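What follows is calculated from the coordinates using simple rules that are stated; it is not laboratory data. Just so it is clear, the structure is predicted and the values come from calculations on it, not from any experiment. For neighbour counting, all protein chains shown are included, and Cβ atoms are generated from backbone atoms with ideal geometry for every residue, glycine included.
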Amino acid sequence: SLIGLFLNDQDLKKKAKQYDEIAKDVKLAAVLGAGIMGGGIAYQSASKGTPILMKDIREEGIQMGLAEASKLLGGRVAKGRMTPAKMAEALTAIRPTMSYGDFGAVDIVVEAVVENPKVKQIVLAEVEGVVKEDAILASNTSTISINLLAKALKRPENFVGMHFFNPVHMMPLVEVIRGEKSSDVAVATTVAYAKKMGKTPVVVNDCPGFLVNRVLFPYFGGFSKLLGFGVDFVRIDKVMEKFGWPMGPAYLSDVVGVDTGHHGRDVMAEGFPDRMAVEGRTAVDVMYEANRLGQKNGKGFYAYETDKRGKPKKVIDPQAYELLKSIVTEQREVTDEDIINFMMIPLCMETVRCLEDGIVDTAAEADMGLIYGIGFPPFRGGALRYIDTVGVAEFVALADKYAELGALYTPTAKLREMAASGQKFFG
C-alpha cells in the first residue's frame with residue numbers, strides 16, 4: 001500500500017504539471033474574509049513567496065487574520081525553519097485592507113467568507129466588479145455547489161472552487177473544483193497557485209461535498225448508527241485510532257466543530273437524499289441543540305481543558321453520555337470488527353461512487369485526496385486500495401452482510417460486475 005501511495009503521488013505530480021502549460025502566473029493574490037482561515041491562507045501564500053491582500057469588512061477580522069499569520073510565522077522562527085528577516089519579509093507580503101482599492105492588480109482572489117450561499121454570491125459578484133477581466137475567482141467552500149455560486153457571476157468561466165482544509169498550514173490537500181463553466185485556464189491557474197503555496201492539488205468536478213466531504217459524511221453516518229445502537233463513542237474512537245486514523249470520529253467531530261458537521265450533513269442530505277438523509281434525531285443534533293460545539297467552546301462529545309502547553313486536552317464528560325441516551329433506538333452488541341465495518345463500508349462505497357460519477361478522474365486521485373485531506377491511514381493506501389486489499393468480491397459480500405443498515409452499505413452495480421469478473425482498482 002505504501003509503495004502504491006508513492007506511485008500515486010508521482011501520478012498526481014505529473015498530472016498537476018500538465019496544467020503548467022496553460023496556467024497564468026500569479027504575481028499578486030487576495031483573500032476575502034480574514035479570521036483564522038483567511039489568515040492561514042495569507043500565511044501560506046506569503047511564506048511561499050506570493051504577496052497577498054487580505055480583505056475583511058471588520059477591523060477585528062483583519063487583526064485575527066494577522067495574528068494567525070504572525071503566530072504561524074513565529075512558530076517557524078522558533079523551530080529554526082525561518083530567519084527573523086524572512087519572517088518580516090513574509091509579514092510585509094500580507095497587505096491588510098478594508099477596501100477594494102488595490103484589487104485591480106490581483107491575479108487570483110480566494111473567497112473565504114462565511115459558509116452561506118447567499119453571502120458568498122453577494123461577495124463574489126462584488127469582487128468581480130473590481131478585478132481585471134481575466135482575474136480568477138476561487139471560492140474556499142467545503143460543501144456549496146460551485147455551479148450554484150457561479151450563477152451570481154458575469155464571467156463564470158473565470159470561477160472555480162479552491163477548498164483548503166483546516167488547519168491550512170498543516171493539511172497538504174487543496175481540492176480544485178471545476179464548475180460546468182470553469183475554463184481550463186482558470187483550473188490550471190488555480191492548480192499552479194496551489195502548488196506554488198506548497199500544496200497538493202486534486203482537480204474534482206462539482207457535486208455536494210465535492211470529493212473529501214462527500215466521502216467523509218457517510219463515515220459519520222456509520223458512526224451515527226453505532227451511537228443509535230448504544231455503542232460507547234470512546235470505544236469507537238479507540239477502535240478507529242487502532243485501525244490507523246489519526247483521531248476517532250467523536251474527537252474528529254469536536255475538532256472540526258459540531259456546528260460545521262451539522263450544517264454539512266444537511267447539505268449532503270439535500271444532495272443525496274436516497275442515502276444521506278437521516279430520520280429522527282442523531283448524536284450531532286443532540287450535541288448541537290445543547291450548544292456543545294466541540295473544541296471551539298470547550299464541550300462536545302468530550303470536554304476540553306487546557307494542558308501545560310496551552311493546548312486543548314480532551315477529558316470524559318458524563319453529561320455527554322446523559323445527552324446521548326435519548327438517541328439510542330436499541331441496545332446492540334457489536335464487535336470491534338463490526339465497528340470498523342460500520343464506519344469503513346460507507347466511506348469506501350461513496351469513494352467508488354465518486355469515481356463512477358466522474359467526480360474524480362482516477363482511483364489514484366481519489367485515494368490521495370482521502371490520505372491528504374482527512375488523514376486516511378496511509379499504510380492502508382486509501383479507500384479503493386483498501387477494497388483491493390480486502391478483495392473486491394470479498395468486500396461486496398461483506399457489504400451485503402450489513403445491507404439492513406441502508407443504502408450507504410449497498411454496492412453499486414458496477415462494483416458487483418468488477419467482483420464477478422475479478423477486476424481491481426489498481427494493477
Would you mention how many residues in segment 54-72 are surrounded by fewer than 24 Cβ atoms within 10 Å (Cβ to Cβ) and in contact with a Ser or Thr (Cβ under 9 Å, 6 or more places away or on another chain)? 3
Restricted to segment 104-137, and to residues that are among the small types (Gly, Ala, Ser) and farther than 19 Å from Ile57 by Cα, which residue is surrounded by the most Cβ atoms within 10 Å (Cβ to Cβ)? Ala135
Among Asn166, Asn140, which is surrounded by fewer than 20 Cβ atoms within 10 Å (Cβ to Cβ), within 21 Å of Thr200 (Cβ to Cβ) and in contact (Cβ under 8 Å) with a residue 24 or more places away in the chain? Asn166
Lone qualifier among Asp285, Asp274 - being exposed (fewer than 12 other Cβ atoms within 10 Å of the Cβ) and in a helix (DSSP H, G or I): Asp274
Cβ-Cβ below 7 Å, separation at least six or inter-chain, first residue in segment 212-233 and at positive phi, second among the β-branched types (Val, Ile, Thr) and not in a helix (DSSP H, G or I): which pairs? Gly230/Val328
Do you know which residues across segment 27-52 are crowded, with 22+ Cβ neighbours inside 10 Å and hydrophobic (A, V, I, L, M, F, W, C)? Ala29, Ala30, Val31, Leu32, Ala34, Ile41, Ala42, Ala46, Ile52
For Asp56, are the conditions met, namely being of a type outside the set (A, V, I, L, M, F, W, C), in contact (Cβ under 8 Å) with a residue 60 or more places away in the chain and out of contact with any strand residue (DSSP E or B) (no Cβ under 7 Å at 6 or more places or on another chain)? no
Does segment 201-224 hold any residues that are acidic (Asp, Glu) and within 13 Å of Arg265 (Cα to Cα), and which are they? none
Consider segment 288-297. How many of its residues are surrounded by 16 or more Cβ atoms within 10 Å (Cβ to Cβ) and among the small types (Gly, Ala, Ser)? 1
